[in-house]
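Inspection log for the structure reproduced underneath, given as structure tokens.
We did not get these values from a lab; they are worked out from the coordinates using the rules stated. Here the structure is a predicted model, which means the values were calculated and not measured. Glycine also receives a Cβ, built like all others from the backbone with ideal geometry; neighbour counts cover every protein chain displayed.
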């Protein structure tokens, strides 16, 4: 008869504690922490929300799997403002400026395009965009 080793699962609360520690000791995440939700369920970490830079997002996604007890990381709905800004810049017509992106809120400024509703809808459809604010002239 062979003996099958059992793998002891680490409690989610302990994993969450290490994640909180990770966030508290990485300054960009300290700033973004109120815009990110991270949950742990049976060792599966789900991260959602918005951070300001792709570097911060990448750091988090690289570090989470290294925490003992984490079996998977789902970050399909974790976005960064820089990527949103680039995507919005590809969509807006000449004369419209992506004035600012902050935690998924996109501010469009400049000359109001004839089809401003369509532009706003297209920008709002970008993954991670929470709201579109216009300040057209």
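Grab the Cα-Cα distance for residue 48 and residue 82, subtract it from 0.36 nm times how many residues apart they are, and report the gain in nm with one decimal. Before the final figure, lay out the partial values.
Values: separation 34, 0.36 × 34 = 12.24 nm, distance 1.61 nm.
Working it through step by step, the gained length comes to 10.6 nm.
Over segment 82-136, what is the percentage of antiparallel beta bridges among all DSSP beta bridges, to the nearest 5? Don't skip to the answer; put the middle values down first.
On the way: 6 of 12 bridges.
Percent antiparallel among DSSP bridges in segment 82-136 is about 50.
If neighbour count is taken as other Cβ atoms inside 10 Å, put 130, 96 in order from fewest to most. Can you show the working numbers first?
Values: 130 16, 96 21.
Taking fewest neighbouring Cβ atoms as first place, the list is 130, 96.
What is the pair-distance distribution P(r) of segment 12-78, computed from all Cα-Cα distances in 10 Å bins starting at 0, with each bin given as a whole percent?
Going out from 0 Å in 10 Å bins, segment 12-78 shows 22, 62, 15 percent.
Report, please, the projected area of segment 82-136 averaged over directions, based on the convex hull of its C-alpha atoms, in nm². Let's see the in-between values first.
Working: hull surface 12.1 nm².
The Cα convex hull of segment 82-136, projected and averaged over all directions, gives 3.0 nm².
List, largest first, the extents of the alpha carbons of the chain along their principal axes, each in whole Å.
76, 33, 18
Relative to the longest principal axis of the chain, what angle (0 to 90°, nearest 10) does the C-alpha long axis of helix 81-91 take?
Taking the Cα atoms of the chain, the angle to 81-91 is about 40 degrees.
Does anyone have the angle between helix 12-24 and the longest principal axis of the chain? Alpha-carbon axes, 0 to 90°, nearest 10?
Helix 12-24 sits roughly 50 degrees off the main axis of the chain.
Given R₀ = 25 Å, FRET efficiency for residue 71-residue 21 by Cβ-Cβ distance, to 0.05? Don't jump to the answer; show the numbers that get you there.
Numbers: r = 19 Å, r/R0 = 0.77.
It comes out at approximately 0.85.
Could you tell me the distance between the Cα centroids of segment 97-135 and segment 11-76, to the nearest Å?
28
Calculate how many DSSP beta bridges within segment 12-78 are antiparallel, expressed in % of all such bridges and rounded to the nearest 5. Please list the in-between numbers first.
Details: 6 of 11 bridges.
That works out to approximately 55 percent antiparallel.
For segment 31-137, give the share of DSSP beta bridges that are antiparallel, in percent and rounded to the nearest 5; count only bridges with both residues there.
Values: 12 of 25 bridges.
Of the beta bridges lying entirely in segment 31-137, close to 50 percent run antiparallel.
Could you tell me how many degrees, from 0 to 90 and to the nearest 10, lie between the Cα long axis of helix 54-63 and the main elongation axis, the longest principal axis, of the Cα atoms of the chain?
It is inclined by approximately 10 degrees.
Say we join alpha carbon atoms closer than 10 Å with springs in a Gaussian network model of the chain; which of 116, 82, 48 then has the biggest fluctuation?
The residue that fluctuates most here is 116.
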